[in-house]
Each structure stands twice: as C-alpha cells, then as structure tokens.
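What follows is a single structure, written as structure tokens, with notes after it.
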Amino acid sequence: MIPRIDRLNAGELRKILLQQQAIFDNATVGILFSRNRMVAACNRLCAEMFGYAEEEMVGIPGQDLYPSAEAYAELGRAIRPTLAAGQPFHAEIQYRRKDGSVFWSRVSAKAVDPLNTQDGTIWIIEDIGEERSIREALTKATQESDDRVRAALAEQELIFNNAAVGMMFVRNRIVRRCNRKFEEIFGYAEGELVGNSTLLFYPTVRDYDEHWERSYDLLRRGETVSGEERVRRKDGSLFWVRSTGRKTDAPGLGLDVIWIFEDVSGRHQAEEALLRARDEMEQRVVERTTELATTNRQLQAEIFERMEAEQRIWHIAHHDGLTGLPNRSLLHDRLDQALTQAVRSEHRLAVMFLDLDRFKSVNDTLGHHVGDQLLKHVAERLREAVRAVDIVSRLGGDEFVVILPEIQDSDDATRVAQKIIATLAPAVMVDGSLLHATPSIGISIFPDDGNEAYGLMKNADTAMYHAKASGRNTFRFFNAGMNE
C-alpha cells in the first residue's frame with residue numbers, strides 16, 4: 001500500500017514541503033491560491049506581477065487585486081457556476097498592482113473542492129499586456145485613414161519583425177508572410193514557409209478542415225477568431241498554441257487573415273497536471289521525490305498536498321477531537337472577530353456558557369465511553385438549535401460555549417436558550433441506557449456585561465452557576481449583583 005501523507009514522519013513531510021516550495025517559487029507562471037476571498041499563498045512571480053513582496057501579498061483581500069469592487073463582484077458572478085461544476089475557468093481580465101496601475105492577464109482557475117468552493121481556488125496568471133497591445137494596434141490599423149495607415153504600417157513593420165509572439169499573414173490559407181518569432185516557434189528557417197499551405201501546421205488533414213469550418217464564417221464577417229489548439233512543428237512534434245485571427249480590410253475576393261500565435265505548452269502542462277493531481281496524489285507522494293527535478297507536471301500536486309497538510313494541522317489544533325466543535329483557542333479567536341464586527345455594526349452579541357446537569361454521574365456509573373457518546377449527541381443537537389452564523393464550541397468536559405453575533409436585544413438570546421433547552425430535552429438511548437442531558441446556561445450580553453472576550457466569558461460562567469443553583473435545566477442572564 002502507498003503510505004498516506006498523515007503516515008509520513010515529520011522529516012519526510014518537511015522534505016516534501018521544501019521541495020514543493022522550490023518548484024513553487026521558480027514556476028514560469030504566476031500561481032495564486034485564494035481562500036475565503038483572501039490571498040492564502042502565491043509564488044514569487046505572482047507577487048512580482050502585482051508589485052508586492054511574497055510575504056506582503058499573503059493575507060490581502062482578493063478585492064484589492066482588481067480595478068474596482070464592481071469588477072471583483074462581476075468576476076465572482078461569472079466564475080462561480082464554472083468552479084461549482086468542477087470545470088476550469090479561463091478568461092482575460094484586468095488586475096491592479098500595488099501602485100494602482102492596471103494590467104491585462106490571462107487566467108485559469110479551478111476550485112480545490114467543487115462541492116465547497118470556499119475551500120479555495122488555484123489561479124494560473126499570465127501577463128498579456130504586450131499581446132493585447134499588438135492585437136489592438138493591428139485592429140486599429142485597419143480602421144485608420146489612408147495616411148494614418150501608412151504611418152502605422154511603418155511602426156507595425158518594426159513590431160512585426162521584433163514581436164515576442166508569432167505573427168503570420170495568410171491569403172486563402174497560403175502563407176504570404178510571417179515574422180521571425182513564428183518561424184522559431186514552428187522550427188522553420190527564415191523565409192521557408194512563404195508560399196506553403198497552412199496544412200503544414202496541423203497534425204492531420206481532418207484537424208486542418210475542422211479548424212477551417214469553425215473559423216471561416218466568423219472571419220468572413222470580420223469577427224476575431226481566438227482559441228487554443230494542438231499544432232505540429234517541422235520536426236513532427238505536437239505542442240499547444242493560442243491563436244488569434246482577424247480578416248484584413250484588403251479589397252478582393254481572397255480571404256486575407258492576420259494570425260497571432262503564442263506557445264502555451266508550458267501552461268497546458270501545468271493545467272493538465274492540476275486536473276490529474278487529485279486522483280494521482282497518493283501514488284505520487286512516493287514517486288514525487290524522484291520526479292520533482294524532471295517534471296513540472298508535479299508542481300500542482302505538491303501544492304495541493306501542502307495545503308491539505310496545513311489545513312489538517314490547523315483543524316487538529318483548533319477543534320475538539322471528540323465532537324469536532326471549535327476548541328477554546330478557536331473560540332477566543334472567533335469571539336474576538338465577532339466583537340470587532342459588533343463594534344463596527346453597532347449590534348449586540350451574546351455569550352452563552354452551558355454546563356450539562358449531573359454529567360459526572362453518567363461517567364461514574366456508566367463509564368466514559370457512554371459519556372463521550374452523550375457529549376457527541378449534545379454537540380449535534382446544539383448545532384441544530386442555533387443559526388448558521390452562530391458559533392458552538394466545546395471547552396472541555398461537559399462545558400460548551402455558544403456565541404450569538406448580531407442580536408438585537410436580550411430577547412433574541414432568551415429565544416435561543418429556550419430552544420437549546422427544548423432541543424436537549426428528549427431522552428437519548430446510549431449503549432442500552434436511556435439518558436437525559438439537561439443544561440444550565442449562563443448568558444452575558446455585549447456591551448452591557450463587558451466589552452472584551454475574557455470579561456464576557458467570566459460573566460457568562462458566573463451566570464451559569466446561578467442557573468445551576470436555581471434548580472438546573474434553566475438559564476440566567478448575568479447581572480452585577482451576582483458578583484456580590
């Protein structure tokens with residue numbers, strides 16, 4: 001059997017993470033991992049694109065990388081159905097650098113878990129500002145007056161011969177002219193392609209004909225044809241290019257088209273590796289140590305592995321092992337966040353300290369295994385009794401804490417306390433024993449009973465003891481007289 005990552009020792013895990021980081025930092029595309037609308041991780045090239053240091057970029061809200069809040073919201077609406085369907089999302093969008101300048105990029109994105117897109121999204125980002133400039137310049141040239149066209153042609157001749165992308169002029173599918181970059185991409189000598197059919201670039205005649213069928217009507221109508229496809233070099237090897245074609249305005253019966261080509265094989269390899277990564281990850285944990293230096297394809301699998309390891313460690317450190325509820329550490333963190341939000345929105349907040357009545361007798365008479373099952377049952381019913389935005393935590397033993405953010409007044413807390421008591425009231429059968437789990441609940445209200453986490457928790461605990469002294473299976477709100 002192939003060992004799972006949670007069976008690796010600390011040294012093996014650290015070695016894998018270090019190797020991941022080396023490839024992550026030296027990737028030839030920008031790579032960004034977002035989670036909960038925040039930048040969770042990025043490689044060095046991605047940070048440089050946006051004008052940030054690597055460590056500075058982590059934690060930035062995703063909205064800060066876009067020209068406006070409207071642009072960010074519009075992209076969210078467009079990308080959400082694709083990610084939820086488990087499909088990769090491709091687009092050309094504008095981003096904003098740290099200095100406020102805007103640049104165009106081509107992005108590919110895919111959710112880590114399509115069923116829960118909040119778990120995070122991997123973004124592959126390429127700066128295409130130069131390509132768009134060339135494309136816009138070519139389009140603009142065909143719309144200028146005769147005098148301005150002649151001036152633009154002189155400039156574009158310089159661009160044509162020195163462009164970083166391949167450019168080709170075709171008449172009726174015969175190559176009339178191409179630049180040096182195009183010849184370099186396809187492996188031909190200077191001038192060797194002129195006069196040849198574009199059939200040379202396709203793996204089969206069928207591919208050649210299908211591309212023509214897809215493109216012909218669009219080109220005739222003056223529309224831009226753009227897409228990615230596999231093509232053939234002179235030596236017969238196949239690779240991926242992104243092509244953009246548009247008909248010129250030249251008179252005559254022939255179809256004159258200017259094509260721009262960019263070799264995107266590296267990006268396709270990375271995307272294919274990303275799609276395969278989830279299914280291959282366990283097997284590649286073993287193989288990765290020997291393949292990392294020779295295949296860029298493993299980059300995405302190791303990024304996933306690192307994120308999952310971090311999430312697993314974080315979950316263990318912040319959740320109760322028995323019930324899966326947030327533990328004391330995570331509770332304080334979320335309570336601090338809820339208090340900050342309550343101050344901003346001028347809402348009240350309730351802290352409920354809950355203790356099970358006579359739980360010790362269950363452990364003493366029936367055993368801890370029965371007590372543990374009862375605690376799990378209580379945790380599940382507490383989840384059912386509160387809203388999705390409310391926070392349920394187990395401090396340890398039979399002590400639970402419930403945080404109710406954004407309440408209007410103490411009546412809201414009263415209703416929740418009554419619902420909790422009613423929810424826990426029915427008996428539950430555990431290991432052949434019919435058990436009751438009744439709570440004593442103490443409640444403190446922000447800001448009436450305190451304005452910081454420690455004071456609110458202490459006051460709720462005090463109120464809980466008064467509830468227990470009042471006969472159990474009830475609740476009490478804190479008041480200053482309780483401390484006397």
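Some observations on this one:
- The chain: Cys lacking any partner C-beta under 4.7 angstrom: C178
- Relative to the longest principal axis of the Cα atoms of the chain, the long axis of helix 265-291 makes an angle of roughly 50 degrees.
- Per DSSP, loop GluC sites (Glu not before Pro) in the range 344-401 with at most 15 further Cβ within 10 Å: E346
- Percent antiparallel among DSSP beta bridges (both partners in the chain, rounded to 5): 95 percent
- Helix 129-141 axis versus longest C-alpha principal axis of the chain: approximately 50°, rounded to the nearest ten.
- Those residues of the range 379-399 whose amide nitrogen sits under 20 Å from the label point placed on A425, 7 Å along Cα→Cβ: 379-387
- Length-normalised contact order of the range 328-483 in % [C-alpha pairs under 8 Å, at least 6 apart]: 28 percent
- One quarter of the surface of the convex hull around the alpha-carbon atoms of the chain equals 32.4 nm², the direction-averaged projected area.
- A317 paired with H368, simple spin-label distance in nm, labels 7 Å along Cα-to-beta-carbon: 2.6 nm
- Spacing of the two label points (7 Å from each Cα toward its C-beta) at S433 and K234, in nm: 8.5 nm
- Per-residue HN-Hα couplings for the range 366-380 [Karplus 6.51, -1.76, 1.60; θ = phi - 60°; Hz; x = Gly/Pro]: 10, x, 5, 5, 5, x, 5, 5, 5, 4, 4, 4, 4, 4, 5
- The chain, helix-only ellipticity at 222 nm - DSSP H runs n ≥ 4, -39,500 (n - 2.57), divided by all residues, nearest 500: -14500 deg cm²/dmol
- The chain - percent relative contact order, Cα under 8 Å, separation 6 or more: 9 percent
- Measuring r between the beta carbons of L199 and E130 and using R0 = 25 Å, the FRET efficiency lands at 0.25.
- Rough spin-label spacing in nm, given labels placed 7 Å along Cα→Cβ, for S226 and S361: 7.4 nm
- Rounded to 10°, Cα long-axis angle of helix 146-162 versus longest principal axis of the chain: 70 degrees
- Per-pair calculated FRET efficiency, R0 = 45 Å: E70 and Y454 via Cβ, rounded to 0.05: 0.65
- Magnitude of the charge dipole, the range 328-483, Cβ model with Lys/Arg +1 and Asp/Glu -1, debye to 20: 240 debye
- Computed from the alpha carbon positions, the gyration tensor of the range 328-483 leads to an equivalent ellipsoid with semi-axes of 27, 16, 14 Å, biggest first.
- Here the extension length gained between T248 and N116 equals 42.9 nm, from 0.36 nm per residue of separation less the Cα-Cα distance.
Values quoted throughout were computed directly from the atomic coordinates according to the rules given, and no laboratory measurement underlies them. Small disclaimer: the values here were computed from a predicted structure and weren't measured. Don't worry about glycine lacking a Cβ; one is built from the backbone with ideal geometry, like all the others, and counts go over all protein chains shown.
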